[in-house]
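Report on the structure given below.
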Amino acid sequence: MKRVSLLLGVLLVSFAHAQKIASIEKEDIVRIETKLASDDFEGRATFSAGIEKASAFIENEFKEIGLAFYGDLQSYRQEFKFKGKDANNVVGVLKGKTKPDEYVIFSAHYDHLGLNKDSEDKVFNGANDDASGVTAVITLAKYFKKKGFNDRTIVFVAFTAEEIGGYGSKEFSKSIDAAKVVAMFNIEMIGTESKWGKNSAYITGFEKSNFGGILQQNLKDSRFNFYPDPYPDQNLFYRSDNARLAAMGVPAHTISTSKMDVEPNYHKASDEVSTLNLDNMTEIIKAIAISSNTIVNGKDTPTRVTK
């Protein structure tokens, strides 16, 4: 009888584990990625009509998921001006159940390079850079909303103006108390396989906190591995939207798979959906979801970033 009960327990645990990632489905990831990287959005250049369409799409996804507005905002748009022009981040929130004043951020930038006037291919689609990251943020928002277990408040952000100087993340960093931000998962270019192949990604600034160690510990029974950034000479830790909050001590790290030394489509018009491995990208998003659980539910708190 005990053996039967034990077997039943194992089956139930296995079923529960499957349910944890039931809302992360390749079909939905393909839908979001394909839309964000479509010609309709004209390369999503900051200040363009195309990025306005992309913003509206992300806002609608947040609305469908049921995210709350951020702070005192009356919509998902965090609007600001720079260079005398209007721009906006897109921000949605899941309020924490027991630790609402502690924040975990999932972010990516939704801007890209715009139109390519000197080529037959007229659009810098930015499928990997960084429609893949935004797709992950939207998918993770849906996952955590359905799971409904977050003790800490989760903030989901799609930044603008990363490609022209990180102005979106700069604006956002001024709106939040860095001392209350427990961790930041910035997701940048996860659509291609890493240098280690499938089921792997790297974390920039791995050695600057124990953030990466926590994630890997939570994946110890899986086949997925997070590695330290293999391109230290490229200074990637300071080249994405995590840098602003990391400079304030937040364990803010970027998760990526991009082979920065040999990535063939980086900042080229050829960065299109057809070049991505969407099966592997789905597994990466699942790995981020599972590995972040103990941070989101308040069990683990990463150490602050060291200089």
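For the chain, the longest principal axis of the alpha carbon atoms and the long axis of helix 278-291 meet at an angle near 60°. As a ratio to 2.2 N^0.38 Å, the alpha-carbon radius of gyration computed for the range 176-231 takes the value 1.24.
What does a probe at Asp233 reach in the range 245-268, counting residues whose amide N is under 15 Å from the point 7 Å along Cα→Cβ? The answer is 260-263.
Positive end of the dipole of the chain (Cβ unit charges, origin at the Cα centre): among Asn199, Gly114, Tyr143, the Cα lying farthest that way belongs to Tyr143. Dipole size of the range 23-296 about its Cα centre, with +1 on Lys/Arg Cβ and -1 on Asp/Glu Cβ: approximately 940 debye, rounded to the nearest 20.
The packing ranking, built from the mean of other Cβ atoms within 10 Å per residue, places the peptides 252-258, 143-149 in the order 252-258, 143-149, highest first.
Entry note, the range 149-299: relative contact order of 37 percent, from Cα contacts under 8 Å with a spacing of 6+ residues.
So I have (1) 46, 21, 15; (2) 32, 20, 19; (3) 30, 22, 20, and one of them is semi-axes √(5λ) of the Cα gyration tensor in Å calculated from this model. Which one is it? Computed from the coordinates, semi-axes √(5λ) of the Cα gyration tensor in Å corresponds to (3). Roughly what angle does helix 2-20 make with the longest principal axis of the chain, taking Cα atoms, 0 to 90 degrees, to the nearest 10? The helix 2-20 is inclined about 10 degrees to the chain.
With 0.36 nm allotted per residue and the present C-alpha distance subtracted, the Ala49-Leu115 stretch has 22.6 nm of extension available.
Extending 7 Å from Cα along the Cβ direction at Thr306 and again at Lys26 yields two label points whose distance is 4.2 nm. Pairs spanning more than 30 Å between alpha-carbon atoms, out of Lys174/Lys299; Lys26/Lys147; Lys53/Lys83; Lys81/Lys146; Lys99/Lys208; Lys95/Lys174: Lys81/Lys146.
Bear in mind these aren't lab numbers, they're just calculated from the coordinates by the rules spelled out. Just so it is clear, the model here is predicted, and its values are computed rather than measured. Neighbour counts are summed over all protein chains in view; Cβ atoms, including those assigned to glycine, are modelled from backbone coordinates with ideal geometry.
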